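Notes follow once the structure below has been shown.
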Amino acid sequence: MSTVDLEKASEPDLHFQTPEGRARFRTATISTWLGTTMEYVDFALYGLAAGLIFGNVFFPGSSPVIALLSGFATYAVGFLARPLGAIYFGRLGDKRGRKFVLVATVALMGVSTTLIGLIPGYDQIGMAAPALLVLLRLAQGFGAGAELSGGAVMLAEYAPAKRRGLVASIVALGSNSGTLLASAIWLLIVQLPQQDLLSWGWRIPFIGSFIITAAALLIRRSMSESPVFLKQQELLGNSTEARASKPAGTFWSRRKAFFIMVGLRIGENGPSYLAQSFVIGYVAKVLLVDKSVPTSAVLIASILGFGVIPLAGLLSDRFGRRLSYRVFCLLLVLYAVPAFALLDTRDPAIVMVVIIVGMCLASLGIFGVQAAYGVELFGANHRYSQMALAKELGSIVSGGTAPLVAAALLAGFGHWWPIAAYFILMAGIGLVTTFYAPETKGRDLNEFEDAV
């Protein structure tokens, strides 16, 4: 069946015209939000713990910079497993449906996070402690490799075309909810005496994350499949040839959307993880600012995110995905040098403002635009697998390794200038990519071919 036939057959907003359709949309929205919250509780907990705790618990006896480097090395390991999860679960999502994968990924991530809270420290079991940490981090990353993309695909394929940017940004609201919850818990936990914090206090949020996992699983089991996926099943059945068909042309022309998504992801994910992970450890461990300052900043930024994220989605619905993304990347390029210079003042108020602004730009606003943009770039027959893999490859070379690279640059040069340059490089890649990316606002998601 041709793309024209698909367009004629599709009725993208039909499911909103019945009470049953609207109820399915609400269930899908809530379940996606909870699942993405679970993912980012996992990663925010781990990122904060890597900067504040894990160096002492799993790598005792090291210098502050080396302990920070070791903690973020285990943090980066999870990102190495994410492309494998994207490939495995992404193909299942295109073949068996979005719902099937979203149930499996949230279960895997939740169990892994809970078990991290039960690992004995280095003092109890020696090198087995960091080894178990790495193993569970790999399992966590394997599940996360398809969770975020699956949530974005599910929401975008449910959303009315004119409000797709706003609705898809709920994925980013889920990530923000996870970051908010994790930072709020950590803000309380770090008030414990140092001995209690290192012995048992840090375990509480990891073990307690099982509550969110259980809630997400219960709701996801009851949600309906994406209407776009059901339409593809109806029109194409299980025809392997039809679903695997790709347009003729050069490798670049057939994979252009994929590489554009990688570039867009680098421009967002690298600055995001520097702003919300590396800077936390840098401020607390190297600049010796009180630990409550960066954790409070993350908490405040997360609260602001409930306004910033939907605003970014609305702006992309109004002005287009490409222009909105380009503006955020440009602001991140301009932010880097002044931000690190101001952090050097060690003034608590200034440090908090720098972290808050960085997160609003890198971890919230641009992420709110990316959700719908990434979904619209790809055709219906391979949307889940291609989007998930592109985003996770972008994460490996940016977000997952950014705190580790930044810690290594700090250890090697002893100054923030190389880190600021690294920040600018990644945001610059995203900025340049927008000049090659198409405008996708309002695209029919039932189309087989990619947007470029």
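The values are calculated or read from the model by the stated rules, or taken from the named source; none is laboratory data. Computed from a predicted structure; not experimentally measured. A quick note on method: Cβ atoms are made from the backbone with ideal geometry, for glycine too, and the neighbour counts reach across all protein chains shown.
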Query raised in the report: So which residues in segment 382-398 are closer than 19 Å to Gly428 by Cα, of a type in the set (S, T, N, Q) and assigned to a helix (DSSP H, G or I), if there are any at all?
Result: Ser395
Query raised in the report: Among the numbered criteria (1) modelled with pLDDT under 85; (2) under 29 Å from Gln191 (Cα atoms), which single criterion is violated by Met109?
Result: (1)
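Please give the helices (runs of 4 or more DSSP H) falling wholly within segment 1-101 in which 2 or more residues are within 30 Å of Val298 (Cα to Cα) and either more than 15 Å from the chain's Cα centre (by Cα) or at pLDDT below 70 (or both).
On the way: elements: 3-9, 19-52, 54-58, 64-96.
Passing ranges, in order: 19-52, 54-58, 64-96.
Identify all residues within segment 283-298 that are aliphatic (A, V, I, L, M), at negative phi and surrounded by fewer than 22 Cβ atoms within 10 Å (Cβ to Cβ); write none if there are none.
Val286, Leu287, Val289, Val293
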Query - Total residues in segment 432-452, condition surrounded by 22 or more Cβ atoms within 10 Å (Cβ to Cβ) and in a helix (DSSP H, G or I) - result: 1
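Considering only residues that are in a loop (DSSP other than H, G, I, E, B), small (Gly, Ala, Ser) and surrounded by fewer than 16 Cβ atoms within 10 Å (Cβ to Cβ), look in segment 197-243 and name the one that is modelled with the highest pLDDT.
Ser222
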Query raised in the report: Which one of these is out of contact with any Asp or Glu (no Cβ under 9 Å at 6 or more places or on another chain) and either on the phi < 0 side of the Ramachandran plot or surrounded by 22 or more Cβ atoms within 10 Å (Cβ to Cβ) (or both): Ala407, Ala380, Ala362?
Result: Ala407
Query - Cβ-Cβ under 6 Å pairs, at least 6 apart or on other chains, segment 110-136 side touching a residue at least 24 places away in the same chain (Cβ under 8 Å) and closer than 20 Å to Asp42 by Cβ, far side among the charged types (D, E, K, R) and part of a helix (DSSP H, G or I) - result: Thr113/Asp42; Gly117/Arg203
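Does Leu334 satisfy being surrounded by fewer than 20 Cβ atoms within 10 Å (Cβ to Cβ), over 16 Å from the mean Cα position of the chain (by Cα) and free of Cβ contacts under 8 Å to residues at least 12 places away in the same chain?
yes
One line per residue, one yes/no per condition, for (1) at pLDDT below 90; (2) not small (Gly, Ala, Ser):
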site	(1), (2)
Val279	yes, yes
Ser296	yes, no
Leu299	yes, yes
Gly307	no, no
Leu334	no, yes
